[in-house]
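The values are calculated or read from the model by the stated rules, or taken from the named source; none is laboratory data. Note that the structure is a prediction, hence the values are computed from the model and not measured. Cβ placement follows ideal geometry from the backbone for every residue including glycine, while neighbour counts extend to all protein chains displayed.
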Amino acid sequence: MNKGGSMKKILGYFFAGTALYFSFAGLGYANTTVSAEVQYIFNTILFLMSGFLVMWMAAGFAMLESGLVTSKSVSAICAKNIGLYSIAGVMFWLVGYNLAYGNPDNGWIGTFTAWSDAGASVDGLEAGSYAAGSDWFFQMVFCATTMSIVSGTLAERIKIWPFFLFAAILTGFIYPIEMGWKWGAGWLDAAGFSDFAGSTLVHAAGGAAALAGAIVLGARSGRFSSGGGVKAMAPFAASSIPLATLGVFILWLGWFGFNGGSQLAAGTLADVSSVATIYINTNLAAGGGVLAAATVSRLAGGKTDVVMMLNGAIAGLVGITAEPLTPSPLAAIVIGAIAGVLMYYSTKLLYKMKIDDVVGAIPAHLVAGVWGTLAVPFTNTEVGFGSQFLGTISVVIFVFVTSYIVWAIMKMTIGIRISKEAERLGTDKSEVGVIAYGIRD
């Protein structure tokens, strides 16, 4: 290899690029935007790349949940996660997208039609536009994320096919309707409600559906003592803390696409600078959530609980998602830290209420999502507390009530819970027939 020749080429490219930049600056181009066609390309790439990062969060949820359930339910969790993601894709194409974006201005619901880009064209481009298909993909993975939140809460005692049926209903109908209220120019958008990337529309909504399911389904057999205490050790010990930790890191990575992609544009200097700021605040909020959860678990419980730290990261990420652009770095840390503390104490509250959330999704997503949405006016003065409260309570109540009704109807008809004997054997053996770890009787 000719190292001298390679170095000359590198230096040549550097000086040529520098000269080109100063030439443009001298002509006044340094402060202008690129053409509408180039903006279209950059915006589309942002949607697609952010979308596959959010899709990767499906792996994060699968690994986090696999690590936190017992060893006899790992295969079932994997089956549920790949199944729900597939269902979400089909349902969001079949009806979900147009239920959300077929909304009339200030409306409540869109149209029951399948998505199509047949009429899309790149002719007559406008600045800020993007490929229709990239928008569908980006919005679809958000839809799948909402359902992923439900999976871990109901683990180890739910039948897999009723779970898949609920996944179809949530991703095809419930989620698209409420997200359209804001992102589809619906009535909450007109009311001034702000949710940048979905603290409420995605995370609190998923948490509300999970809470409804947990109440209707009931706790795992023997999970709570008669006095209200929780049996935290065997036979309910997590199967793999390293796997759960890997899942959180995957989710943390995917969240940069989740929040950064929600800028929805990358064709101007201001847009790409905003994406960078969003990345920083997203990372800092997650760190704040981890440190707060570690501290409060040590002070309140006497041990530095690694599971609380993992969920503290999720809570911090959820908390900043409603507004990751306007906070200062310090404010982002505080928002994430408060989310981590709220997650810890709401987890303890669920124990007292004997609501069995296997992976802690309700505190990390519902509670932290509500907090993050209500906190938006502290850093974004253009948003009012009244509109935030209205939007948050409307979405949470709508999703909780509709989900509760669906779960209750399925319980009374097809049944949603496995038998006590199947629960003793584990859902790996009773539901999917594939044992994740070793050979078991």
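Okay, here's what the table says:
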| item | result |
| --- | --- |
| Set 397, 333: member being within 30 Å of residue 187 (Cα to Cα) and either in the same structural domain as residue 181 (by TED's automatic domain parsing) or surrounded by 20 or more Cβ atoms within 10 Å (Cβ to Cβ) (or both) | 397 |
| Some residue of region 291-306 being hydrophobic (A, V, I, L, M, F, W, C), at negative phi and crowded, with 24+ Cβ neighbours inside 10 Å | yes |
| Answer residue from region 153-173, given it is more than 18 Å from residue 86 (Cβ to Cβ) and either in a helix (DSSP H, G or I) or of a type in the set (Gly, Ala, Ser) (or both) and is nearest to the chain's Cα centre (by Cα) among those | 153 |
| Residues being in contact with a Gly (Cβ under 8 Å, 6 or more places away or on another chain), of a type in the set (Lys, Arg) and in a helix (DSSP H, G or I) - total across region 344-355 | 1 |
| Which numbered condition residue 358 fails, given (1) of a type in the set (A, V, I, L, M); (2) part of a loop (DSSP other than H, G, I, E, B); (3) surrounded by fewer than 24 Cβ atoms within 10 Å (Cβ to Cβ) | (3) |
| Residue 386 assigned by TED's automatic domain parsing to the domain that holds residue 174, in a helix (DSSP H, G or I) and within 19 Å of the chain's Cα centre (by Cα) | no |
| Residue check for residue 293: out of contact with any His (no Cβ under 8 Å at 6 or more places or on another chain) and either at pLDDT 95 or above or not assigned by TED's automatic domain parsing to the domain that holds residue 148 (or both) | yes |
| Close pairs (9 angstrom Cβ cut-off, 6 or more residues apart or separate chains): touching a residue at least 12 places away in the same chain (Cβ under 8 Å) in region 208-221, assigned to a helix (DSSP H, G or I) and acidic (Asp, Glu) anywhere | 220/423; 221/423 |
